């Protein structure tokens, strides 16, 4: 499974692509940070980021897109641009016929470090470890985008519809298997 | 000048199209409300609204798109979806090569009623008056979308870049003429 992870942002938008043939053999394919100038107007900024998202999907042909879930309560100053970019990611994925799954920041931290309250350095450290890199990817937006993609791979790409996912039949079977396993424990 | 006005929303998105050959001869061309089900997941809801926006642009070929500016401070519960839809509008307009201008709710109220604190009924009443309709358009989202389009027409379609506009040369000349007139007064 190839996953495009997106850390949404209007000034900097992290785009990380990994291959995950099996959950424990993750490979870095590409990572970049799309940017837009704070001097440009909102439509041009959003268009620049939307074009970069489309280009990443076209170039890497992922099987799924994972994006950080944005909450209206936090960072009022920047939340609007971040939320708008997450909306563009969702539409771009859907128009490319891809499932798109949202993960909260604490879900991402928990998936890659084991703790939902891990700091940025810890997340970047584990991203490097899990992808077999010599050092943490920089800048933080790049590491975060890869962490989101890794989260999707480690969770098997399966989520319930209530979490904002759109499960394929295979994902749905995985979700059901996971639930069955939980019931047995 | 043909204007598409958009009252952004995830559950209901108003789309109003008017012709404004001159500021005092406004004509209703079309008005509709795109909807998405609260039961669907976020990507599918955003896609449905994005498709409706694209369809309106393709069908009516406006010269400009006007959209209500969304503020992060208000209506936390629904602001994220509303902001995301406004982002989709901006990108759709830009991809169609159209200028897109943002107006605050109080700018719209002031433009169509003369008061920035007018209520919804007053706005709907004036929309009907200005378009020569027998009664106010319904639902409220339809009236609001037309009010936004009318605002753009009454303001001559010209705005400064700092307001989120992207002026065409003609709009720029209008802005300059307007500024010169203000200096003379």
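The values are calculated or read from the model by the stated rules, or taken from the named source; none is laboratory data. This one's a predicted model, so the numbers in the text were calculated from it and none came from an experiment. FYI the Cβ positions are ideal-geometry reconstructions off the backbone, even for glycines, and counts take in every protein chain you see.
Key figures
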read-out: Subset of the stretch A:123-140 [surrounded by fewer than 16 Cβ atoms within 10 Å (Cβ to Cβ) and part of a helix (DSSP H, G or I)]; value: A:129
read-out: Hey, residue A:34 in a strand (DSSP E or B), under 23 Å from residue B:45 (Cα atoms) and more than 9 Å from every other protein chain (Cβ to nearest Cβ) or not; value: no
read-out: Any hit, the stretch A:11-34, residues being surrounded by 21 or more Cβ atoms within 10 Å (Cβ to Cβ), out of contact with any strand residue (DSSP E or B) (no Cβ under 9 Å at 6 or more places or on another chain) and over 19 Å from residue A:153 (Cβ atoms); value: no
read-out: Among the candidates B:89, B:112, residue that is assigned to a helix (DSSP H, G or I) and touching a residue at least 60 places away in the same chain (Cβ under 8 Å); value: B:89
read-out: Yes/no for residue B:98 being surrounded by fewer than 24 Cβ atoms within 10 Å (Cβ to Cβ), touching a helix residue (DSSP H, G or I) at 6+ places or on another chain (Cβ under 9 Å) and within 28 Å of residue A:92 (Cβ to Cβ); value: yes
read-out: Counted residues, the stretch A:105-122 - those being surrounded by 16 or more Cβ atoms within 10 Å (Cβ to Cβ) and within 16 Å of the chain's Cα centre (by Cα); value: 8
read-out: Residue satisfying all of: in the stretch B:1-10; in contact with a strand residue (DSSP E or B) (Cβ under 8 Å, 6 or more places away or on another chain) and part of a loop (DSSP other than H, G, I, E, B); modelled with the lowest pLDDT among these; value: B:1
read-out: Qualifying residues in the stretch A:48-71 (those that are under 13 Å from the mean Cα position of the chain (by Cα) and modelled with pLDDT under 95) - the one nearest to the other protein chains (Cβ to nearest Cβ); value: A:70
read-out: Candidates B:24, B:45, filtered to the one that is over 17 Å from the mean Cα position of the chain (by Cα) and either touching a residue at least 40 places away in the same chain (Cβ under 8 Å) or in a loop (DSSP other than H, G, I, E, B) (or both); value: B:24
read-out: Residue match in the stretch B:85-104 (condition: closer than 30 Å to residue A:49 by Cα, in contact with a strand residue (DSSP E or B) (Cβ under 6 Å, 6 or more places away or on another chain) and at pLDDT below 95); value: no
read-out: Of the criteria (1) surrounded by fewer than 18 Cβ atoms within 10 Å (Cβ to Cβ); (2) at the interface with chain B (Cβ under 8 Å from one of its Cβ atoms); (3) touching a residue at least 40 places away in the same chain (Cβ under 8 Å), which one residue A:78 fails; value: (2)
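So that you can scan it fast, the table gives a plain yes or no per residue for (1) at pLDDT below 95; (2) closer than 25 Å to residue A:91 by Cβ:
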| residue | (1), (2) |
| --- | --- |
| A:128 | no, no |
| A:133 | no, no |
| A:138 | yes, no |
| A:161 | yes, yes |
| A:170 | yes, yes |
| A:178 | yes, no |
